[in-house]
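> Have a look at the structure that comes next, please.
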Amino acid sequence: MKQEARSRKHELSVAICIDLGGTDLKSAVVDSSGKILHQQSTPSESKKNKKKILDNLISSISIEEQWAQAQGFRIQGVGLGIPGIVSYPEGIVHRSPHFPDLKDFPIKKLLQKKIHFPLVLDNDANMAALGEGWIGAAKGKKNYLLMTLGTGIGGGIVFDGKLLHGDSGFAGEVGHIVIEREGRRCNCGGRGCLEMYASATGILYGLSPSLRRRGLGGGLTAEHLYHLALQGNKTAQKIYKDFGKALGAGIASLVNVLDIELVMLGGGLSGAWKVFIDSTRQSIARHTYLTTAKKIILKRALLGNNAGLIGTARAVFVGY
Ligand SMILES: [Zn+2]
């Protein structure tokens, strides 16, 4: 009986999953049903040079590999999500706002040389979108859009059951839809991008210059403003209302082009849903045909901080 139990355990296939965030480098061992069996997190040391970042990734993979092997599991592959402009399938990080030294960096090629398993690598929001479609808020859906609202805006678009990559693998950069032609200057070099309005950065822009300086210097955050809005503070409420309107305009542009009904909102700021979602709905209705607006389902993403990790497991087990 013991023998039998052991041999069954041997057959369990797992994926090693890595989510490289601006603050934390998260790694996990995930089974083929999306269940996290083991997980750990270390600082991602995002301002260090590319060699150090690569070494950190290798060491996280190796820790998960040792754990999985000690359990007798079969490792099917390694999945990795990275923030920024990442070409797919080549796995070159062209630019990553959190990791200044990763410029046109062929990370997939270099990592693959150091590990013994097949490696899939993609933008982190794309991975999160895959995770939500696998066992999260978009389970079973053929078309959906995920927007992750944080310091900036990430996005992943699944269309006809496939993650949309485009010619270079950059598709889904929903934060850079232009909503104000001569608007605020964006990190991408453009002006008036959605993420300069519907993100934590955008929220701080809504403050008076003196309060903004306090915010940017530490102290005042989007979260504080959320609590102020809940307590009835008019300025904070107006800031979140503007945030919601901008988000709605961006979503309207996307659904007008893609005819996608399910739009999921994830990332830290989606937690402030209560104080902006009515403005978002009104704004969508204002910028789309009535029939389109009626069909749109706005949902909060389900998998939270683990969406990216779980998505990389789906990429390993099911592919794209
Ligand atoms: Zn931009």
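The values are calculated or read from the model by the stated rules, or taken from the named source; none is laboratory data. As the structure is a computational prediction, the values presented were derived from the model and not from experiment. Reconstructed Cβ throughout: ideal geometry from the backbone, glycine too, with neighbour counts over all protein chains shown. All accessible areas refer to the heavy atoms of the entire protein, side chains included, with ligands and DNA or RNA removed. Shrake-Rupley method; radii C 1.70, N 1.55, O 1.52, S 1.80 Å.
> Regarding GLU64, is this residue crowded, with 20+ Cβ neighbours inside 10 Å and of a type in the set (Asp, Glu)? Step through it out loud before you land on a result.
On the way: crowded, with 20+ Cβ neighbours inside 10 Å: yes; of a type in the set (Asp, Glu): yes.
Judged against the criteria, GLU64 is a match.
> Give all pairs with beta carbons closer than 9 Å in which a residue from the stretch 160-189 that is of a type in the set (A, V, I, L, M, F, W, C) and within 10 Å of the ligand (Cβ to nearest atom) meets a residue that is open to solvent by 60 Å² or more (accessible area, probe 1.4 Å) and part of a loop (DSSP other than H, G, I, E, B); count only pairs at least 6 apart in sequence or on separate chains.
Correct list of pairs: CYS188/GLU173.
> Only residues that are crowded, with 16+ Cβ neighbours inside 10 Å and not in a loop (DSSP other than H, G, I, E, B): list them for the stretch 274-290, please.
We begin by selecting, within the stretch 274-290, every residue crowded, with 16+ Cβ neighbours inside 10 Å; these are 275-277, 279-281, 283-285, 287-288.
VAL275, PHE276, ILE277, SER279, THR280, ARG281, SER283, ILE284, ALA285, HIS287, listed by residue number.
> So, of the residues in the stretch 310-320 that are modelled with pLDDT of 95 or more and over 15 Å from GLN39 (Cα atoms), which turns out to be surrounded by the fewest Cβ atoms within 10 Å (Cβ to Cβ)?
PHE317
> Right, here's the next one. Quick one: LEU265 ticks every box in (1) open to solvent by less than 20 Å² (accessible area, probe 1.4 Å); (2) not in a strand (DSSP E or B) bar one, so which box is it?
Of (1) open to solvent by less than 20 Å² (accessible area, probe 1.4 Å); (2) not in a strand (DSSP E or B), only one is false for LEU265: (2).
> Take ILE260 and tell me if it is under 19 Å from the mean Cα position of the chain (by Cα) and in a helix (DSSP H, G or I). Walk me through how you get there before you give the answer.
Working: under 19 Å from the mean Cα position of the chain (by Cα): yes; in a helix (DSSP H, G or I): no.
No.
> Looking at ALA307, ALA293, which one is open to solvent by less than 60 Å² (accessible area, probe 1.4 Å) and under 30 Å from LEU25 (Cβ atoms)?
Only one candidate qualifies: ALA307.
> Among the residues in the stretch 147-155, are any closer than 19 Å to VAL275 by Cβ, within 12 Å of the ligand (Cβ to nearest atom) and β-branched (Val, Ile, Thr)?
Quick first cut of the stretch 147-155, residues closer than 19 Å to VAL275 by Cβ only: 147-151, 153.
Still in the list and also within 12 Å of the ligand (Cβ to nearest atom): 153.
Right, trim to β-branched (Val, Ile, Thr) and you get 153.
For the stretch 147-155, residues closer than 19 Å to VAL275 by Cβ, within 12 Å of the ligand (Cβ to nearest atom) and β-branched (Val, Ile, Thr): present.
> On to the next question. Out of all the residues in the stretch 190-212, which are crowded, with 17+ Cβ neighbours inside 10 Å, within 11 Å of the ligand (Cβ to nearest atom) and without any contact (Cβ under 8 Å) to a residue 40 or more places away in the chain?
The answer is GLY192, CYS193, MET196.
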